[in-house]
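Written below as structure tokens is the structure these notes are about.
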Amino acid sequence: MNTRIYVLRFPKEITDQPITCHLVRQFDVEFNILKATILPQHEGVMVLELRGLQPNIRKGLAYLKEQGVAVERLATGLRRDEEKCLQCGACTGICPTGALSIHRPDMAVLFNPEICSGCGLCVTICPVRAMEVSLDRRGDTWPD
């Protein structure tokens with residue numbers, strides 16, 4: 001079984017269609033929704049963790065693209081540069097797994113790489129770029 005994280009962007013014309021359920025039904029690919037914003041008649045964005053056999057995931061991704069969904073693979077590993085981090089907490093509000101959290105009462109920002117999904121959302125929100133991307137934390141090089 002392989003696991004990868006993807007950002008899916010749905011054009012507003014198809015946000016009312018049950019496209020992602022076909023990943024399970026037709027392609028035997030499990031998905032875990034890490035974050036989603038989908039409204040009728042607006043572009044939809046979904047961060048999904050896909051799990052399944054490599055050929056099935058490839059077929060499922062091809063199906064999504066045929067439906068008009070833009071598919072982008074996200075990083076699989078992140079690390080925090082402790083010297084750069086200002087402890088501002090901006091990353092904690094966007095982290096879908098809770099890998100970045102605020103410790104009370106001292107308000108320190110904690111990072112737990114064990115539960116980090118590698119979605120990379122914290123990288124773009126960090127004002128000092130203290131979060132760094134590692135494109136392949138497990139060493140597997142399966143192409144998309």
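You will find that of 23, 78, 39, 50, the residue that is within 16 Å of the chain's Cα centre (by Cα) and either closer than 21 Å to residue 9 by Cβ or among the polar types (S, T, N, Q) (or both) is 50 and no other. Looking across region 111-129 at every residue that is under 20 Å from residue 48 (Cβ atoms) and without any contact (Cβ under 8 Å) to a residue 60 or more places away in the chain, the one that is nearest to the chain's Cα centre (by Cα) is identified as 120.
Note on region 81-110: among residues that are within 15 Å of the chain's Cα centre (by Cα) and among the hydrophobic types (A, V, I, L, M, F, W, C), the one that is surrounded by the fewest Cβ atoms within 10 Å (Cβ to Cβ) is 94.
The set of residues in region 100-116 that are touching a strand residue (DSSP E or B) at 6+ places or on another chain (Cβ under 9 Å) and modelled with pLDDT of 90 or more comprises 100, 101, 102, 103, 108, 109, 110, 111.
Condition check ((1) within 17 Å of residue 96 (Cα to Cα); (2) in the same structural domain as residue 115 (by TED's automatic domain parsing); (3) in contact with a strand residue (DSSP E or B) (Cβ under 6 Å, 6 or more places away or on another chain)) across all residues:
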{"site": "10", "(1), (2), (3)": "no, no, yes"}
{"site": "47", "(1), (2), (3)": "yes, no, yes"}
{"site": "55", "(1), (2), (3)": "no, no, no"}
{"site": "61", "(1), (2), (3)": "no, no, yes"}
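Just give me the residues in region 76-107 being in contact (Cβ under 8 Å) with a residue 24 or more places away in the chain, in a loop (DSSP other than H, G, I, E, B) and within 26 Å of residue 50 (Cβ to Cβ), in sequence order. Selection gives 76, 94, 95, 96, 97.
Within region 20-37, being over 20 Å from residue 95 (Cβ atoms) and surrounded by fewer than 19 Cβ atoms within 10 Å (Cβ to Cβ) holds for 21, 22, 24, 25, 26, 28, 30.
Filter region 108-128 for residues that are hydrophobic (A, V, I, L, M, F, W, C) and assigned to a loop (DSSP other than H, G, I, E, B); which is nearest to residue 73 (Cα to Cα)? Break it down into steps so the answer makes sense when it comes.
Just the residues of region 108-128 that are hydrophobic (A, V, I, L, M, F, W, C), to begin with: 108-111, 115-116, 119, 121-123, 125-126, 128.
Right, trim to assigned to a loop (DSSP other than H, G, I, E, B) and you get 115-116, 119, 126, 128.
Values: 115: 18, 116: 16, 119: 9, 126: 20, 128: 24 Å.
The selected residue is 119.
The listed residues are 47, 29, 24, 7, and the only one of them that is touching a residue at least 24 places away in the same chain (Cβ under 8 Å), over 20 Å from residue 128 (Cα atoms) and out of contact with any Cys (no Cβ under 9 Å at 6 or more places or on another chain) turns out to be 29. The criterion of being at pLDDT 90 or above and part of a strand (DSSP E or B) does not hold for residue 133.
The values are calculated or read from the model by the stated rules, or taken from the named source; none is laboratory data. Only a predicted model underlies this, so the values are computations on that prediction, with no experimental measurement involved. Counting neighbours? That spans all protein chains shown, and the Cβs are built from the backbone with ideal geometry, glycine included.
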